[in-house]
Amino acid sequence: MGDPLKLGLAGLGTVGVSVVKRLASMENELAVKAGHPIRITAVSARSRDKDRGIDLDNYAWHNDPVAMAKSPDIDVFVELIGGDSGPAEEAVRAAIKSGKHVVTANKALLAKHGNDLAKLAEKHNVTLNFEAAVAGGIPVIKALREGLASNNVSRIFGILNGTCNYILTRMEDEGLSFDECLKDAQRLGYAEADPTFDVEGNDTAHKLAILTSLAFGTRIDVDSIFLEGITSLKPADIAAADELGYRIKLLGVAQRTDTGIEQRVHPTMVPKESEIAQISGVTNAVAINADAVGSVTLAGPGAGGDATASAVVADVIDIARGLQLYTLGRPAGELQPYKRAKMRAHEGGYYIRLSVNDRSGAFASIAKRMAERNISLESIVQRKGKHQLKEERTTRSKGEKPQDVILLTYETTEEAVRKALVAIEKDGHIVASPQMIRIERL
């Protein structure tokens, strides 16, 4: 058996503590699997005196993670600090420049600096592993870099944020509002005190940007992702989706087209019978469409101490085994500039909910605005109750009481839909902002 692989671990939050415990509890078994004993020799965190439920006496303590990253007493720097800059970035760069391999769970860091860090790792002939940065314990990075390396990927999509999926599941199962579900998610520790990063889709976008690079050989470009969160969703949308045979999920989608790569994050209606629709609670799932294997779906815990530690330790084991791969699946110099796909018709069509004043002429005006943009409507339906959709066939009675009207379109472009909705709002027949959700046939 080879010499011990010495780790310096920066960040002793939930994941860091779980990594310490996992390495200790499986010390002998991991040594056999890796061919080397794996030992933490140094740690760094903001507070030395905090009670974390683990004994740190056997590890050298560093107040400065950058100094630890440069230390000759470690072989691998494990970054669990978080954040796209500051100490995390400085320490990772210092480790690489000092010839240390790096393992990180930091999707924000990779989304912002991944291209540059990949070049830096190659220059210094070290490994930069990041399985835990996307989808927690699901080995999707390994699948793309290794298992599916001989495939041409056409599309990758998935549920990449457990907080949002938990909220949407509760809204569907219990008929609760977004705000009620969010409060419960915060109480249970599934959502942060400030949940904006999760519920507005930024967390999903960071992960999708990384997956896009691996899947299509492009440079990471998180700024080019179309982004929409789940905060505008109402129980009426969840109920309508259910009655129409769909569930609403926040999806990250990247796909190859004739004009470039399309990247988007938004609420999506997916058929109830699809695999992705079955993913509930805080679970994550990633589906990969490729030429040789067809479709592969990976599902599992997307967050949490143990699940994320599982991915971190697996990355360390790969380094102990001597497995050294290009950070983003190919030489950094071979990554192509990201080319955003041109606007095209969305095959699945759109769901549109309008709160319409119940008065004569309103529905004819709405249909006219849609026709002006060459939008064909599959159906126009009006909600008559909490759990019923009834086709709108009669002239509206007098009065101004708003009613929820739902339009389902055939294939069309998002630009056309949005322009039609702007015109509808200007006509004054609706009393709230329209709700628009893409429908994916999958």
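Read-outs throughout are calculated quantities, based only on the coordinates presented, and are distinct from any laboratory measurement. Everything numeric in this text was worked out from a predicted model, so none of it was measured. All Cβ positions, even for glycine, are placed from backbone atoms using ideal geometry, and neighbour counts span all protein chains on display.
By the scheme Lys and Arg +1, Asp and Glu -1, what is the net charge of all other residues having a beta-carbon under 15 Å from that of LEU214? Please list the in-between numbers first.
Numbers: positive: LYS107, LYS142, ARG145, ARG155, LYS207, ARG219, ARG256, ARG330; negative: GLU131, GLU146, ASP221, ASP315, GLU334.
That sum, taken over residues with Cβ under 15 Å, equals +3.
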Give me the log10 of I(q) over I(0) for the stretch 140-301 at q = 0.09 Å⁻¹, as the Debye formula computes it from C-alpha points; what are the numbers? -0.29
Can you order the peptides 369-379, 261-271, 120-130 by their average number of other Cβ atoms within 10 Å per residue, highest first? 261-271, 120-130, 369-379
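Among bridges DSSP assigns within the chain, what percent are antiparallel (round to 5)? All intermediate terms of the calculation are to be shown ahead of the outcome.
Values: 52 of 77 bridges.
Looking only at bridges with both residues in the chain, the antiparallel portion is about 70 percent.
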In degrees, nearest 10, range 0 to 90: what is the angle between the Cα axis of helix 362-372 and the longest Cα principal axis of the chain? 60
Whole-number percent relative contact order across the chain, with pairs defined as alpha carbons under 8 Å at least 6 apart: 16
How far is helix 178-187 tilted off the main Cα axis of the chain, in degrees rounded to 10, range 0 to 90? 20
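Can you check what the net charge comes to around ASP306, using other residues whose Cβ is under 10 Å from the Cβ of ASP306 (Lys, Arg +1; Asp, Glu -1)? Walk me through the numbers before you get to the answer.
Working: positive: LYS21, ARG22; negative: none.
In short, +2.
About the Cα centre, and with charges only on the beta carbon of Lys, Arg (+1) and Asp, Glu (-1), how big is the dipole of the chain? Nearest 20 debye, please.
Numbers: 55 positive and 58 negative charges, 191 e Å.
Its charge dipole is roughly 920 debye.
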Relative to 2.2 N^0.38 Å, what does the C-alpha radius of gyration of the stretch 5-133 come to as a ratio? Two decimals please. 1.00
What does the net charge come to around HIS346 if you take all other residues with beta carbon closer than 11 Å to its beta carbon, with K and R at +1 and D and E at -1? -2
With the dipole of the chain defined by +1 on each Lys or Arg Cβ and -1 on each Asp or Glu Cβ, the option from ALA95, GLY348, LEU148 whose Cα lies farthest towards the positive pole is GLY348
If I fit a long axis through the Cα atoms of helix 86-97 and take the longest principal axis of the Cα atoms of the chain, what angle between them do I get, 0 to 90°, rounded to 10? 50
Give the peptides 285-291, 62-68 in descending order of average Cβ contacts within 10 Å, highest first. 285-291, 62-68
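When ranked by the protection proxy of mean other Cβ atoms within 10 Å per residue, highest first, what sequence do the peptides 339-350, 95-106, 296-307 form?
95-106, 296-307, 339-350
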Given the convex hull over the Cα atoms of the chain, what projected area results after averaging over all orientations, in nm²? 22.4
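Count the lysine pairs in the stretch 238-378 that are 8 or more places apart or on different chains: how many have C-alpha atoms under 30 angstrom apart? Intermediate results must be reported in sequence, preceding the final value.
Details: LYS249/LYS272; LYS249/LYS339; LYS249/LYS342; LYS272/LYS342; LYS342/LYS368.
Pairs that pass both the separation and distance tests number 5.
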